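The values are calculated or read from the model by the stated rules, or taken from the named source; none is laboratory data. None of the values given here were measured: they were computed from a predicted structure. Cβ: placed from backbone, ideal geometry, glycine included. Neighbour counts: every protein chain shown.
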Amino acid sequence: MKRRTSSWSRTSGRTRKVLIGITAAALAGGAFAISTGVSSAGENCNGLDTALQNNLSFIADQKANPDALSDARIANRQAVVDLINQRRVVAGCTGNVQAVAPPVKAPTAAPTKTTKAPTKAPTKAPTKAPAENTGAGDVVCKGSTVTLSGEAGAPAASSGTFPIGTTLRVTNLDNNKSITVKVATPSGSCVLLNDAAFEQVRESGKFLIRRAVIERIG
């Protein structure tokens, strides 16, 4: 019995030494782990705080100056912010991180509307007078048509409005041809041209001048 007791005592003593050694090693390891953790947290917090501030500033800028894709960008960055905050809690970061105020963009001035000057209507050039229409004359028998009297001889006219010997100038506005003749015989119209005079102002195939200007000369 004495031998068994002595053997158990020696065994128990060795066991206590092993446990004490393990406990001491665990305490030492724990102290090292705690010391390393604090140092690592202090280093990581600087990076985490910077990353958090950058993302918060980006979100603030998007809210201050939104565009069509701002909502999607803000949602993505908010997810990143949540993840960074989780890591900051684990690392023991306690800093109060705030976003940097975004610059306010000046509103773009609307382009000044240039008032276009009204286009000046082109001045219509005066109708060139017929080649033979020289000298001033009183326009008479306005709206009258001119036809031929059928009389032969040199260019002459007949009229029921003006006495024989009156000088008249007849202009065909359809071809701009004119002729100056004297009233040689009476008729029932303002003016009739004989065959020779009518041939000089007529349009081919026509026996009536519908657009005529009749002037009394002198």
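Per-residue answers, yes or no, for (1) under 21 Å from Val139 (Cβ atoms); (2) surrounded by fewer than 18 Cβ atoms within 10 Å (Cβ to Cβ); (3) more than 60 Å from the chain's Cα centre (by Cα):
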site: Gly153; (1), (2), (3): no, yes, yes
site: Val170; (1), (2), (3): yes, no, no
site: Asp174; (1), (2), (3): yes, yes, no
site: Lys177; (1), (2), (3): yes, no, no
site: Val183; (1), (2), (3): yes, no, yes
site: Asn194; (1), (2), (3): no, no, yes
Of the residues that make up region 71-91, is at least one outside any helix (DSSP H, G or I), modelled with pLDDT of 90 or more and of a type outside the set (A, V, I, L, M)? no
Restricting attention to region 175-211, report how many residues are touching a residue at least 12 places away in the same chain (Cβ under 8 Å) and either among the basic types (Lys, Arg) or in a loop (DSSP other than H, G, I, E, B) (or both). 15
Going by the conditions given, is Ser144 under 11 Å from Arg211 (Cβ atoms) and either in contact with a His (Cβ under 6 Å, 6 or more places away or on another chain) or not aliphatic (A, V, I, L, M) (or both)? yes
